[in-house]
Amino acid sequence: MNADVQKATLTAIAQVAIDSVVPSADWFACLPAPPKGRCVVIGAGKASALMAAELNCYWEGVPLSGIVATRYGHGVCAGRVAVIEAGHPVPDENSERAARAMLDAVVNLSKDDLVISLISGGGSACCALPVEGIHLSQKQKITQSLLRSGASISEMNAVRKALSQVKGGQLAKAAAPARVFNLIVSDIPGDVPEDVASGPTIPDTRRPLCAQKILEKYGLSEWKQYVPLYQHKESNDDVSVEYKIVASARQALQRAAREAQKHGYKPVVLSDQFECDSQVLASIMAAIVKSAKTAGFPDKPPLAIISGGETSVTISGKSYGRGGRNTEFVLALMKELKNCYGVGAIAVDSDGIDGTEDAAGAFLLSDSQFRAMENNLDLEEYLTKHDSYSFFKEMGDLFITGPTLTNVNDIRIILVN
């Protein structure tokens, strides 16, 4: 297939998938009736500002106030709801300021009041108030170490809960006895509501993961002294919490599948719950591609192999390049599919920012191998240095959208002809 046509097709499928999970007024039809008392809006995450703006218009005639926190560059005017932009993926002083402001906003509420919590991925970093005895700078270092370790998002959030005065349902407890209604944009594999943004307004009823054991698992024992065991110290009896997942990776992948069919591909949606190292997943996906081309399994080409979830990048040593989990996946897939022609792929972080770079992800095209050799780009060297962003920048194959104001994690599409 012509590389330009392939790139346009991949772009169209990915963009439709992302657009399907961008906040809209339709999401608020599930809200309860306006309260007799106060209506307080709080929230955290990459979609929270746009959600607040939509809610401000949807409930134009209902008195409301509040505050939400989002990543820098993801803020929009939300009318009666204040917006604070804060650090991500590592929290900063604004993250702490936002958390304190939300706690202040929900104190002294009654049973007649309603708290609407707008939660999406990225909220763990944007809303952060360390437990007593731990300074923000220490929490930043722990977060940075976890990001390089290869820990899953669920494991990272378990540690974040252990370090926080607001996560793990503690904001909901502070709001009691007011009713708390959560609208959630899920970036968590499996859509576990307690784990999205580390669950500030949903008490975690499961047996908590031991944060200290997680740190040991990834060779970060030096941070154990700062991490108490995450335990439920209070009853949840007075907490009235409801939730609705209004957008998720599953929805985006299903929309991608329908769009792929329009372009003549048979969609195979594998899963929205992949959690492993990007290079490991690339090896798995390459095996599926080769099986389809040689044995017609799971089906004969033309196929669109679609998946989601959140991979990780494991970095050893202090020297590494630029890139995120999606660009690393595409570069590793390119390595695994050497001499396997007619394959195109895109991996994209649905929030528009892959890690800390300005790209959402990257493309693999039918002529990528040839162009890399023509430009003397050593694929193995870039992969070893975890410098995937630089590789695809040189190739002109970065996928750049800017902030999308949503976040349902990664979307991967592989076209097999």
Original post:
Amide H neighbours of THR314 under 5 Å, counting only residues 5+ apart in sequence or on other chains, H built in-plane at 1.01 Å?
Top reply: SER278
Original post:
Counting only DSSP beta bridges with both residues in the chain, what percent are antiparallel, rounded to the nearest 5?
Top reply: 35 percent
**OP:** Enumerate the whole-percent occupancy of each 5 Å bin, from 0 to the last occupied one, for all C-alpha pair distances of segment 25-247.
**Re:** 1, 8, 17, 20, 21, 15, 9, 5, 2, 1, 0
Subject >> Separation of alpha-carbon centers, segment 376-417 and segment 111-170, rounded to whole Å >> reply: 28 Å
Original post:
Mind checking the angle between helix 249-262 and the chain's longest principal axis? C-alpha axes, 0 to 90 degrees, to the nearest 10.
Top reply: 40 degrees
Subject >> Centroid-to-centroid separation of segment 283-334 and segment 38-106 [C-alpha atoms, Å] >> reply: 35 Å
Original post:
Taking the chain as a Gaussian network, Cα atoms linked when under 10 Å apart, which of ARG250, ARG371, ARG148 shows the biggest mean-square fluctuation?
Top reply: ARG371
Subject >> Cα radius of gyration and Dmax for the chain (Å) >> reply: 21.7, 69
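When DSSP assigns beta bridges and you keep just the ones with both residues in segment 25-247, what percent turn out antiparallel, to the nearest 5?
Numbers: 1 of 32 bridges.
Bridges in segment 25-247 that DSSP calls antiparallel: roughly 5 percent.
Quickly estimate the mean residue ellipticity at 222 nm for the chain, helices only: each DSSP H run with n ≥ 4 gives -39500 (n - 2.57), and the total goes over all residues, rounded to 500.
On the way: 14 runs with 148 residues, N = 417.
Per the formula, -10500 deg cm²/dmol.
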Subject >> segment 330-342 - phi-based ³J(HN,Hα) in whole Hz, Karplus 6.51/-1.76/1.60, Gly and Pro as x >> reply: 5, 5, 5, 5, 4, 5, 5, 9, 4, 6, 10, 9, x
**OP:** On a 0 to 90° scale, report how tilted helix 153-162 is relative to the longest principal axis of the chain, with both axes built from alpha carbons and the result rounded to the nearest 10.
**Re:** 20 degrees
Original post:
Pick from ASN326, ASN56, ASN108: which residue has the top mean-square fluctuation in a GNM of the chain where Cα pairs under 10 Å get a spring?
Top reply: ASN108
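Values in this text are rule-based calculations from the coordinates and carry no lab data. In this text the structure is predicted, and so the values were computed from the model without any measurement.
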